[in-house]
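Engineer: Below are the structure tokens for one structure; questions will follow.
The values are calculated or read from the model by the stated rules, or taken from the named source; none is laboratory data. Just so it is clear, the model here is predicted, and its values are computed rather than measured. Cβ atoms come from the backbone with ideal geometry, glycine included; neighbour counts cover every protein chain shown. Each accessible area value is taken on the protein alone, full model and side chains, heavy atoms only, with ligands, DNA and RNA left out. Shrake-Rupley method; radii C 1.70, N 1.55, O 1.52, S 1.80 Å.
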Amino acid sequence: MTLFSVVLPVYNEEKVIREVSLCICRFAQEHPKYEFVFVNDGSTDNTGTLLKRALKEFGSKQVQLVDYKTNKGKGFAIREGFKHTTGEHFGFLDGDLAYPLDYLPLFEEKLQSCDIAIGSRIAEKKGKSWDRSFRRKFLGFCFNKLVGSILGLPYSDTQAGLKAFRRDVAERLFKMQKIEGFSFDVELIFLARKLGYKIVEIPVKVSPTHSYKHSKIKLVGDSLRMFKELLQIKHFETTGEYDRQNLPEL
């Protein structure tokens with residue numbers, strides 16, 4: 001029986017994808033009740049080819065690949081990956097392994113007493129710039145302030161790429177999801193709070209070996225798009241769009 005399913009969306013990660021895939025396969029071998037689903041979100045480089053080659057080489061039945069040709073966005077990729085999972089619990093992790101896999105058992109354990117567990121970089125060591133550039137950290141701070149102001153979410157960090165859900169909770173939230181860009185997880189948290197689910201923050205720290213040097217995120221441009229997505233979420237709420245879905249049953 002699969003206990004915990006983890007989706008890893010990837011886009012143009014050819015420089016690190018072999019190392020990441022082998023790391024995932026080794027972890028899966030040591031944790032037989034875990035499964036992993038890579039989602040190649042329309043990469044235009046050699047990510048897909050390298051990933052297929054690495055997974056074939058290792059041959060783990062616990063690790064699979066979902067591959068499609070057109071880039072759809074991180075939110076779409078994770079929802080698509082979820083369809084291929086079977087675990088009692090579900091989570092997603094940045095495809096470049098920004099966070100150590102050792103966090104996964106902790107998140108799975110936390111789901112015994114809550115509905116959703118979200119990683120928080122700010123909660124780990126406030127005021128220290130040990131894992132991000134000042135500009136990235138400042139924009140992240142501003143974005144979280146906007147999240148609190150526009151959507152009323154009280155969490156210190158909504159953008160860390162490490163979150164976990166009870167399966168029934170994830171199923172319900174994905175049915176209501178409308179945002180497919182980078183703010184998709186803010187929407188999921190907003191909907192979860194609207195539905196009364198229990199959410200806990202878990203302090204996390206970016207892996208010391210991880211670098212944002214080759215990040216695909218364009219800090220200013222993507223920040224503006226994320227701001228637009230926050231306004232869309234607020235619009236859906238104000239116009240009753242989420243309620244018109246009758247808060248779908250499982």
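Engineer: Taking the stretch 144-167 only, how many residues are in a helix (DSSP H, G or I), open to solvent by less than 20 Å² (accessible area, probe 1.4 Å) and closer than 24 Å to Ser113 by Cα?
Structural biologist: The number of residues fulfilling the criteria is 0.
Engineer: Looking only at the stretch 168-200, how many residues end up being of a type outside the set (Val, Ile, Thr), surrounded by 19 or more Cβ atoms within 10 Å (Cβ to Cβ) and touching a strand residue (DSSP E or B) at 6+ places or on another chain (Cβ under 9 Å)?
Structural biologist: Adding up the residues that qualify gives 5.
Engineer: How do the pairs read when you match residues in the stretch 87-112 that are more than 21 Å from Arg18 (Cα to Cα) and of a type in the set (Phe, Trp, Tyr) with residues anywhere that are open to solvent by 40 Å² or more (accessible area, probe 1.4 Å) and modelled with pLDDT of 95 or more, using Cβ under 7 Å and keeping only pairs 6 or more apart or on different chains?
Structural biologist: Listed by first residue and then by second, the contacts come to Phe90/Arg167.
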